[in-house]
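A short worksheet on the structure shown next.
The values are calculated or read from the model by the stated rules, or taken from the named source; none is laboratory data. Since we're looking at a predicted model, the values are computed, not measured. As a convention, Cβ positions derive from the backbone with ideal geometry for all residues, glycine included, and neighbour counts pool all protein chains shown.
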Amino acid sequence: MTVRKAASLRGTGRYVAIAAVLCIGQMASASPVFWSNGDHTASTQPLGFNEINPTFNRQFFEDFSVTNPGGITITGLWSENLIPRGSAGSILSLEWSIRTLMTESDDGVPVIVGSSVATLTPNGAFVRRSNNAVTDPQTQDFDGFQFLAAGLNIHLDPGVYSFAVTPVLAQDIPCFNNRATCAPEILLADGINAVGSPTGNFNGIQRSLQFVQGPPEVHRLNTQHEFAMGILADVADVSTATPTPEPGSLLMVVVIGVVGWVARSVGLGPGSTSEKKGVV
């Protein structure tokens, strides 16, 4: 009987713990947009391949400023790209990079570089192209997506930075009925709904690696365009005032208290094996 009761209580404890997690998850919200060049242009005319593969490397960098004294914590980075219809499965991952300010004459200093799973969300962009062949002409549909690297946790102090978000592929994508190869193409931004600073300065940098004998050569070009890119981030609160608990915070305290009471009721008090496992 005791064992069954303990099992029953332990099950209840699990349900309460799950409920606590769900409550906390519902109270948590996604980070706001900290910086964005705004909506992609209506013309959906991309600038060029935005891709890393074993034989090709081209990235597009935009600059942004962090002025908050406490800095920011970046949780997501994105770029918007066109890809041939039905080719989303060709995207292996996203490589993202943050540097100090990059210009046409200065590569900047790498701050952090990483790789993330690509989260693709349709952005409504669409274009149909012809390969302009004299014989056997072909058309190809391209769809636009936001390519998001989510789940990041990057702290940046005040300063001016440049960043890129680049799709990684094993090889180029067959297109135009297998008569050509394509790759993700970065979309331009029109400045509508832009957030943060600076925006509208038309100094996006195209950075390419030229694979020749010896180390790859770095080439940079000021495209004089704005790329459809953005940043999700939380701004650090540097206020010294004592915050007033919000209803959500009080609910968390209550839920945590209930979880603790259930744990004690089932013998998961300090020093027990289960508690130690839980801590680990």
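A compact table of results
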{"quantity": "Residues that are modelled with pLDDT under 95 and within 18 Å of the chain's Cα centre (by Cα), drawn from the range 46-59", "calculated": "none"}
{"quantity": "Lone unmet requirement of (1) outside any strand (DSSP E or B); (2) within 16 Å of the chain's Cα centre (by Cα) for Ser43", "calculated": "(2)"}
{"quantity": "Whichever residue in the range 222-233 is surrounded by 13 or more Cβ atoms within 10 Å (Cβ to Cβ) and more than 22 Å from the chain's Cα centre (by Cα) and, among such residues, is farthest from Asn193 (Cα to Cα)", "calculated": "Asn222"}
{"quantity": "Condition check for Gly76: free of Cβ contacts under 8 Å to residues at least 40 places away in the same chain and not in a loop (DSSP other than H, G, I, E, B)", "calculated": "no"}
{"quantity": "Qualifying residue in the range 60-82 (condition: closer than 30 Å to Asp172 by Cβ, surrounded by fewer than 17 Cβ atoms within 10 Å (Cβ to Cβ) and modelled with pLDDT of 65 or more)", "calculated": "no"}
{"quantity": "Close pairs from the range 114-136: first surrounded by fewer than 11 Cβ atoms within 10 Å (Cβ to Cβ), partner assigned to a loop (DSSP other than H, G, I, E, B), Cβ under 8 Å, at least 6 apart", "calculated": "Ser130/Pro137; Ser130/Gln138; Asp136/Arg179"}
{"quantity": "Subset tally (residues that are part of a strand (DSSP E or B), out of contact with any Phe, Trp or Tyr (no Cβ under 9 Å at 6 or more places or on another chain) and surrounded by 14 or more Cβ atoms within 10 Å (Cβ to Cβ)) for the range 83-113", "calculated": "3"}
{"quantity": "Pairs where the first residue, in the range 85-105, is of a type in the set (A, V, I, L, M) and the second is part of a loop (DSSP other than H, G, I, E, B) and surrounded by 14 or more Cβ atoms within 10 Å (Cβ to Cβ), C-beta under 9 Å, 6+ apart", "calculated": "Ala88/Ala118; Ile91/Ala118; Ile91/Pro184; Leu92/Ala118; Leu94/Ala118; Leu101/Gly108; Met102/Gly108"}
{"quantity": "Residues (at pLDDT 95 or above, among the aliphatic types (A, V, I, L, M) and surrounded by fewer than 18 Cβ atoms within 10 Å (Cβ to Cβ)) located in the range 171-208", "calculated": "Val195"}
{"quantity": "Residue in the range 114-128 that is nearest to Asp39 (Cα to Cα), counting only those that are in a strand (DSSP E or B) and among the β-branched types (Val, Ile, Thr)", "calculated": "Thr121"}
